[in-house]
Each structure stands twice: as C-alpha cells, then as structure tokens.
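The values are calculated or read from the model by the stated rules, or taken from the named source; none is laboratory data. Keep in mind it's a predicted model, so treat the numbers as computed, not measured. When we count neighbours, we look across all protein chains shown, and the Cβ atoms used for this are built from the backbone with ideal geometry, even at glycine. When the accessible area is computed, the model is the full protein with side chains, heavy atoms only, and any ligands, DNA or RNA have been set aside. Shrake-Rupley method; radii C 1.70, N 1.55, O 1.52, S 1.80 Å.
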Amino acid sequence: MTPISMPFRALAALILSSAVIATAACSADPDDDKAPGARGASPSSSAANRQRPVLAFVRPKQQAVMVADAAGRTWQADRTEGQVPDRLSWSPDGRRLVWTDPQKEDTTGRLHVLDVTTGKRVSHACPCSGAGFLGEDAVGLASDGSALLVFPATGDPRRIALNRSKGPYASLVTGGSEDVTLFTPLPEGPGVFRGQGTLDAVDRQGRVRPLLPAKQPSTLTQAWRAPDGKGVAWGSADSGGACWTVSTLFQHSGAAGRPTRLLPGDTAFRQALIGDQRLILSAAWAGAGLTVTYTGIENCQARYPGRSVTYYVRDGKWTYLGSGLLGLALGADGRVARLRGDAHVADGMSLPVGALSLTSGAREQVLADGVSAFVFTPAESAAAGAPAARPQPPTAAVTTVDDHGKALPETMVLLARRIERAAAAADTEALVRLCTGCREGVLQWVRRTEAPSEILQAIRAHPLVNGPQGFMYPGLTMCVDEPQQDITCTPEQLHDIAVLGLKSDRDGDYGGSVYSVWKSVPVPLIMRMENGEARWTGLAAG
C-alpha cells in the first residue's frame, strides 16, 4: 500500500475522534460512587493530599480538569469553560499543568497554566500551535512557526526566535527538560507523501536540530516525552485513505541516531488486528519502557473490545498486558491506571470517553467515568517498573461456541475434540472410524496424507449452524470487516480469520475487507445431531 496521509492537523483530528488519548491514570467527583464497575466509592476529595498529585485527567462532559493523589482521592482542579483540552502536560515537578484551547479562526487562542496544588490558573493569549514545558517554563510554538513563546512561572513572557523558521503548519508536540519537539508537515513531492514531515528538537537558544535522518520523513499524530526529558516516542499514521490507516509506535533517544520502530507480532496482536489497518489508541512512558494500546479503526472496522491490545515494550521486548482496554499506564509503587469503555463517541462528545480505574497494591477502584485524556506526573512515570505479562489468548483449540457465540451441544464439542486428537496425531484410520456417516468417497479423501492437517484446521474453527441439526466446520463462508453491514464479521469469525491466515478481497458491495474461508479450507466438515448424539457425516463439497 502506498503510504498517503492527510495533513497533520486534519489527520490528528480524525485520529482523536477515533481513539482515546491516554497516558496514565485518573479519578472522579465525590458523586461518582456509582461509576461502572466501582469497587467502593472514591475517597472524599476533602481528604485528598493536594500537595502530592500523581495524575490528572479530563472529563469533557463536565468540562473539568481533575487531579488525584496516590490514594485515589480526587479533586476538581479547574473548569475548562467549554474549551475542552484534548491533552494535558505536566511540569517536571508535577505541580502544574499546561494546555491550549482548540484553535478557532476568530480567536488568537489561549494557553493555560494551572497550579494544581493551589488551584490558581493563569491564562495567556497565545497565537500558538501546541504546548508543553521547557524545563519549568510553559511554552508554545508561535502560529507562524518562527519562535517559541515562553511563559515562566515568574517573570514576563518572552520569545525565543528559532534559527530556522518551521513555517505556519508546524506544531509543538511535546516538551522536555532541555528542548522541545516540533513536527512540521512537508509539501508532497518526490519521496514525500501527504502527511509526512520532519521531527526536530529546539533548545533554549532556539537552535533547531533534526531528529530524523535526511529524506526519511514520518507521519505523526501524537508524541510523548520520556520522564527524564530526553527520549521521545510518537505514533505514526501512514494512510491509504480514511479507512486504511496504518499506525506504528516509534521511539528515539533524543540524541543522534535513527528511531526504533515498535510493533508487536504475537498471537494477541495477530488475532486483534487482522490485515494492515490499525491505530494507536494510547501510549505512555513507564520508566525506560512504554505502554501502548493498538486498536482497529473506528467507523471502518468491526469493533469489539478484543480488538484493542495493550503492551509494555522495553529494549525491543514486548509484554502483553491484556485486551479490551482503551488505555493503560504505569506509575510508582505498582500503581496501574486502566481506561475501559467503548471507543465510540457518545452523548455529543468530541472525544471518546471511558471509565478509569486506579490499582494500588491489590485494590482496584474506579475513579471516574466519562474520562478522555489522562496522564501521570513525570515522577510517577519515571518510577514505574516492568509489569507482569498476561497469558496470551488461546490460538488453536476446539471451540465451545458457534460462529455467532452461541453455545454448542456438549456431545458436538466432545466429538470435535476426538477428531482434533486424531488429526493432530495424523491418525487417518482413527479419523475414518470417527467419520461414521461418511460415504466411501469422503473416506478416501480422509485417508490422504494431507487430510489430517486440513481437518485439524477446520475442526478448530467456529462452526456455522447448518440447518436445524447440522453444523459446518469452519463456519465462515463470507464476512466483511466493516461495521453495521449484513455480513459484518463476528468476534468468532475474526478469530478464525486470524488463525486460518485468511487474506482479504475488496468487494464492490462493501467498503471493508471481505474474507472467505473457502480459500484456505476448501472442504469444510459436516456434523449432525441425531437423537441427541453428534455424528460426523461428510464434507460440504461432497
């Protein structure tokens, strides 16, 4: 696929409307004791340790910026007055937050700096694109790309002119201790596809230093700075159209050298993300590693919780942390923040939201629902340790449900397991004995050397209900990986597509990827229930 992308700001808006921007933990108002899945109400905000915040988050519907301490006690730090931020950035000391209002044509934009320990917010007129911290100073990039606009905690604002202007389409994507990171889209041309651009570091003297090798641009949707202020990670979004985005996580040391491409390839990833379509739903630094959640594409692919997979990656080693999350981040002392919910936008919100929990020790508590952006303090992220891996989802085994998730008769499952054992042992004579209702032509097929491997593939897939008492293994005849279609793939069918390694076709009647089992398993098995007993009676093709 030729990587073609929309301009950075338009693409970023699309991704934000399709995914949750998550970087850590969050919390709730005192009246949120009925949040979904709550294990006890959040402790009273009046007892919160406001001098030691550990995380912040946004509740778009409430137009509120919230903060929590290590015990999960929460308080409302600020009202956003209708201008809901899509991301928050902490100062290195974990006392202040910075964000900008969404840009509008009739305003110059404003940059807000909030001291969460005192509740004092200072807002500045800022015709700028993006915000972060340069050391302890809040900064934005001037909208013409010519200078950093600096807003110190004390003293007057100032400009730091860049030694090389980045132009009006550049944006400050993350801050740092000694420099900030800018992304600048490039004009299309030879070797440059739409949406690709440069990534640069800019220091306190305004010196611009490229982070990418010459003639190797990248797309970018969001960037995350390492807690030590040096390394940087970002999500790419190469695209062959709105429904054919291919996102990948990249990591760079911040010094000289090439970025590292980070993409898992385990069973969980292959089962969740068939084909090339994928988005990065969230990412966060955790010590020297990162957590990241990959997912399918909103409004373009069949959406189920299992299509989002979360990992911790460090030094190229991947640790699977689970499926069905919108985001996960790690903090100090084993704290874990998890965002759960439906990635679909609801109730008129511009960003998808979910219920966020905080685990400390063995206790998990739901802190708030309706949460979008969330982030641990740099100290929390820096102190995070490597998490334990979760078991991989099962790959190849006889199922107990059909291709739409309905439970199978027990005797059908028992027969399927007997066939599986015989096929795994390449015991053709045992398979012949199990095929009690088969004609001689079918039995001859069963005796072929290659038959056991094909039977094993079929019997481990989900069956289709084939008439009142019959079943066909595998059950997938045709489905499309696109939501709200008459043949939208079920979760069980998506599992079979991944396990069977099926390839997709584009169909004129559907916009998504169409899959058919007939390419891989040409002769599905026919099973029947007779007088309460399961029998293998033949093949679909004969």
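Considering only region 471-493, state which residues are open to solvent by less than 10 Å² (accessible area, probe 1.4 Å) and out of contact with any Gly (no Cβ under 8 Å at 6 or more places or on another chain).
We begin by selecting, within region 471-493, every residue open to solvent by less than 10 Å² (accessible area, probe 1.4 Å); these are 473-476, 479-481, 489.
Answer for region 471-493, where residues must be open to solvent by less than 10 Å² (accessible area, probe 1.4 Å) and out of contact with any Gly (no Cβ under 8 Å at 6 or more places or on another chain): 473, 474, 475, 476, 479, 489.
Every residue, every condition in (1) in contact (Cβ under 8 Å) with a residue 12 or more places away in the chain; (2) open to solvent by less than 70 Å² (accessible area, probe 1.4 Å); (3) in contact with a Gly (Cβ under 6 Å, 6 or more places away or on another chain), yes or no:
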position	(1), (2), (3)
361	yes, yes, no
376	yes, yes, yes
385	yes, yes, no
395	yes, yes, no
401	yes, yes, no
421	no, no, no
428	yes, yes, no
431	yes, yes, no
438	yes, yes, yes
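The requirement of being touching a residue at least 40 places away in the same chain (Cβ under 8 Å) and under 26 Å from residue 176 (Cα atoms) is fulfilled nowhere in region 295-307; no residue meets it. Screening residue 220 with (1) in contact (Cβ under 8 Å) with a residue 12 or more places away in the chain; (2) aliphatic (A, V, I, L, M); (3) surrounded by fewer than 17 Cβ atoms within 10 Å (Cβ to Cβ); (4) under 14 Å from residue 259 (Cα atoms) gives one miss only, at (3).
Can residue 134 be described as touching a Cys at 6+ places or on another chain (Cβ under 8 Å) and under 19 Å from residue 204 (Cα atoms)?
Details: touching a Cys at 6+ places or on another chain (Cβ under 8 Å): no; under 19 Å from residue 204 (Cα atoms): yes.
No.
Of the strands (runs of 3 or more DSSP E) lying entirely inside region 134-192, those carrying at least 2 residues that are without any contact (Cβ under 8 Å) to a residue 60 or more places away in the chain, closer than 28 Å to residue 115 by Cα and under 33 Å from the mean Cα position of the chain (by Cα) are 137-142, 147-151, 179-185. The number of residues in region 133-150 that are touching a strand residue (DSSP E or B) at 6+ places or on another chain (Cβ under 8 Å) and farther than 15 Å from residue 95 by Cβ comes to 12.
The residue list 366, 313, 371 contains one member that is open to solvent by 10 Å² or more (accessible area, probe 1.4 Å) and under 25 Å from residue 70 (Cα atoms), which is 366.
Which of the following residues is at pLDDT below 95 and either open to solvent by less than 20 Å² (accessible area, probe 1.4 Å) or closer than 17 Å to residue 376 by Cα (or both): 235, 241, 231?
Answer to the selection: 231.
Whether any residue in region 446-467 is in contact (Cβ under 8 Å) with a residue 60 or more places away in the chain and surrounded by fewer than 16 Cβ atoms within 10 Å (Cβ to Cβ) is what I want to check. Yes, some residue in region 446-467 is in contact (Cβ under 8 Å) with a residue 60 or more places away in the chain and surrounded by fewer than 16 Cβ atoms within 10 Å (Cβ to Cβ).
At least 2 residues being within 24 Å of residue 192 (Cβ to Cβ) is the threshold, and among the strands (runs of 3 or more DSSP E) wholly inside region 208-315 those reaching it are 208-210, 222-225, 232-235, 249-252, 260-262, 279-286. Any residue in region 91-106 that is within 14 Å of residue 180 (Cβ to Cβ), touching a helix residue (DSSP H, G or I) at 6+ places or on another chain (Cβ under 9 Å), in contact (Cβ under 8 Å) with a residue 12 or more places away in the chain and not in a loop (DSSP other than H, G, I, E, B)? There is no residue in region 91-106 that is within 14 Å of residue 180 (Cβ to Cβ), touching a helix residue (DSSP H, G or I) at 6+ places or on another chain (Cβ under 9 Å), in contact (Cβ under 8 Å) with a residue 12 or more places away in the chain and not in a loop (DSSP other than H, G, I, E, B). Of all the residues in region 76-99, those that are β-branched (Val, Ile, Thr) and either more than 25 Å from residue 228 (Cβ to Cβ) or open to solvent by 40 Å² or more (accessible area, probe 1.4 Å) (or both) number 2.
Okay, residues lined up against (1) at pLDDT 90 or above; (2) within 30 Å of residue 298 (Cβ to Cβ):
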{"residue": "442", "(1), (2)": "yes, no"}
{"residue": "455", "(1), (2)": "yes, no"}
{"residue": "458", "(1), (2)": "yes, no"}
{"residue": "492", "(1), (2)": "yes, yes"}
{"residue": "495", "(1), (2)": "yes, yes"}
{"residue": "510", "(1), (2)": "no, yes"}
{"residue": "520", "(1), (2)": "no, yes"}
{"residue": "526", "(1), (2)": "yes, no"}
{"residue": "536", "(1), (2)": "yes, no"}
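Name the residues in region 58-75 that are in a loop (DSSP other than H, G, I, E, B) and open to solvent by less than 40 Å² (accessible area, probe 1.4 Å), would you? Steps first, answer last, please.
Let us first name the residues in region 58-75 that are in a loop (DSSP other than H, G, I, E, B), namely 60-63, 70-73.
60, 70, 72, listed by residue number.
Just wondering, is there one or more residues in region 125-137 that are surrounded by fewer than 19 Cβ atoms within 10 Å (Cβ to Cβ), closer than 29 Å to residue 64 by Cβ and among the acidic types (Asp, Glu)? Yes: one or more hits.
The number of residues in region 299-310 being within 13 Å of the chain's Cα centre (by Cα) and either among the small types (Gly, Ala, Ser) or open to solvent by 10 Å² or more (accessible area, probe 1.4 Å) (or both) comes to 6. Quick check on region 367-375. Is at least one of its residues touching a Phe, Trp or Tyr at 6+ places or on another chain (Cβ under 9 Å), at pLDDT 95 or above and more than 30 Å from residue 102 (Cα to Cα)? For region 367-375, residues touching a Phe, Trp or Tyr at 6+ places or on another chain (Cβ under 9 Å), at pLDDT 95 or above and more than 30 Å from residue 102 (Cα to Cα): absent. Remark: residue 279 falls outside the filter, which requires a residue to be under 21 Å from residue 201 (Cα atoms), crowded, with 17+ Cβ neighbours inside 10 Å and modelled with pLDDT of 90 or more.
Residue check: is residue 292 open to solvent by less than 20 Å² (accessible area, probe 1.4 Å) and closer than 23 Å to residue 86 by Cα?
Working: open to solvent by less than 20 Å² (accessible area, probe 1.4 Å): yes; closer than 23 Å to residue 86 by Cα: yes.
Here the answer is yes, as residue 292 does meet what is asked.
None of 154, 118, 181 is hydroxyl-bearing (Ser, Thr, Tyr), out of contact with any helix residue (DSSP H, G or I) (no Cβ under 7 Å at 6 or more places or on another chain) and either farther than 28 Å from residue 228 by Cα or surrounded by 23 or more Cβ atoms within 10 Å (Cβ to Cβ) (or both) except 181. None of 501, 437 is small (Gly, Ala, Ser) and under 27 Å from the mean Cα position of the chain (by Cα) except 501.
Of everything listed in (1) modelled with pLDDT of 95 or more; (2) part of a loop (DSSP other than H, G, I, E, B); (3) open to solvent by less than 20 Å² (accessible area, probe 1.4 Å), the single unmet condition for residue 415 is (2).
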